[in-house]
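> Structure incoming, see below.
Where a number appears in this text, it was derived from the coordinates with a stated rule and is not lab data. These numbers come from a predicted model, not from an experiment. Note that each Cβ is placed from the backbone with ideal geometry, even for glycine, and that neighbours are counted across all protein chains shown.
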Amino acid sequence: MASPRDIARYLIMMKPLIARAIEVRQSWIRELGMLFEEARQGNAAQVTTRAGRLGRDHVGLFRDVRASCERYQPPAGCEELQRAVMSWIDGLVKACEALVEVGGSGQMVGMQVAQRNVTEARHAARRFNNEYQRLVTELRVAVRAARRRGP
């Protein structure tokens, strides 16, 4: 296991990247929800056009965040957190790619693929959140113990 300082440094470096992914995801997921509702109502031509645009508008942003996350080597003990964040972002990228495919092919089945990828991304986000909480809790315990020991 890495030192508490190394773990804290890693978490601090990852924080703005995660914040950026969350920011992009929030607007994207709102639009995606409306798109799924339109798909249920059966307006295929409008859905396929909007799906392609939505995927194209966001896939690059998610890929950029992923590339930035890959630059950081997680310290020992943070590998699961890194895997979870990469799985989360990969799910978002795959969902965007499915939307681009819907736009290009006009095939609505890609909407189901996008939905499955969003679901997988949500599960990975939960793993990330759980792992992040575990690491933060361990850091707090280590800091308290260090304070009790004194300088």
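> Return the residues of region 1-58 that are within 30 Å of Leu139 (Cα to Cα) and among the polar types (S, T, N, Q); say none if nothing qualifies.
Residues satisfying the conditions are Ser3, Gln26.
> Let me ask something else. State the number of residues belonging to region 28-41 that are touching a residue at least 12 places away in the same chain (Cβ under 8 Å) and of a type outside the set (A, V, I, L, M).
Keep residues of region 28-41 that are touching a residue at least 12 places away in the same chain (Cβ under 8 Å), which gives 28-29, 31-32, 35-36, 38-39.
Then drop every residue that is not of a type outside the set (A, V, I, L, M), which leaves 28, 31, 36, 38.
Of the residues in that region, 4 qualify.
> Right, next: What pairs come out if I take residues in region 3-23 that are surrounded by 16 or more Cβ atoms within 10 Å (Cβ to Cβ) and pair them with residues that are assigned to a helix (DSSP H, G or I) and among the small types (Gly, Ala, Ser) whose C-beta lies under 7 Å away, six or more apart or interchain?
The qualifying pairs are Pro4/Ala142; Leu17/Ser68.
> Taking only region 73-111 into account, find how many residues are over 30 Å from Leu35 (Cα atoms), touching a residue at least 24 places away in the same chain (Cβ under 8 Å) and in a helix (DSSP H, G or I).
Within region 73-111, residues that are over 30 Å from Leu35 (Cα atoms), touching a residue at least 24 places away in the same chain (Cβ under 8 Å) and in a helix (DSSP H, G or I) number 2.
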